[in-house]
Amino acid sequence: MKLITAILKPDVVDDVVPAVTEAGAHGLTATEVIGFGQQAGHGKAVNSTGYPAVLLPKIRLDIAVKDEDAERVVEAIAKCANTGTIGDGKIWLSTLDGVLRVRTGERDDAAL
């Protein structure tokens, strides 16, 4: 199993969600976050969050998938999130040691 974590511009998320579902994801968690990457927030003097402009608003997606679906989901995210401009985001792929569905007690692939 894999955990895909993507940090993306907020305006691409509505396109990403149906694309990852079609690519094999059965659920995801989305969180509003702020931060910066290589550009260190440059290019924006003021942002709408009230935080210093160096911390830009982003959306973090966490998606647990079966091994065989991971690359397809990563590619779907990358395709939808690529605007060709600075700050498009990053995607991390990590190995999951285990998953437990709390309601049923199912584990690992069955819990996804």
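Points to keep in mind about this one:
- Residues (within 24 Å of Ala111 (Cα to Cα) and touching a Pro at 6+ places or on another chain (Cβ under 7 Å)) located in segment 1-32: none
- Condition broken by Glu71, with the remaining ones in (1) modelled with pLDDT of 95 or more; (2) within 12 Å of the chain's Cα centre (by Cα); (3) surrounded by 12 or more Cβ atoms within 10 Å (Cβ to Cβ) satisfied: (2)
- Residues of segment 76-112 satisfying the condition of being within 27 Å of Phe36 (Cβ to Cβ) and either of a type in the set (A, V, I, L, M) or free of Cβ contacts under 8 Å to residues at least 40 places away in the same chain (or both): Ala76, Ile77, Ala78, Ala81, Asn82, Gly84, Thr85, Ile86, Ile91, Leu93
- Summed over segment 90-112, residues that are outside any helix (DSSP H, G or I), more than 20 Å from the chain's Cα centre (by Cα) and of a type in the set (Asp, Glu) total 1.
- Take the conditions (1) surrounded by 12 or more Cβ atoms within 10 Å (Cβ to Cβ); (2) over 12 Å from Lys9 (Cβ atoms); Asp97 misses just one of them, which is (1).
- Counted residues, segment 68-89 - those being among the small types (Gly, Ala, Ser) and either more than 19 Å from Ala25 (Cα to Cα) or not in a helix (DSSP H, G or I) (or both): 3
- For segment 75-94, filtered to residues that are touching a Lys or Arg at 6+ places or on another chain (Cβ under 9 Å) and surrounded by 14 or more Cβ atoms within 10 Å (Cβ to Cβ), the residue that is nearest to Asp14 (Cα to Cα) is Ala81.
- Residue that is modelled with the lowest pLDDT, among those in segment 18-39 that are exposed (fewer than 15 other Cβ atoms within 10 Å of the Cβ) and outside any loop (DSSP other than H, G, I, E, B): Gly35
The values are calculated or read from the model by the stated rules, or taken from the named source; none is laboratory data. On a predicted model such as this, the values are computed, not experimentally measured, just so you know. Don't worry about glycine lacking a Cβ; one is built from the backbone with ideal geometry, like all the others, and counts go over all protein chains shown.
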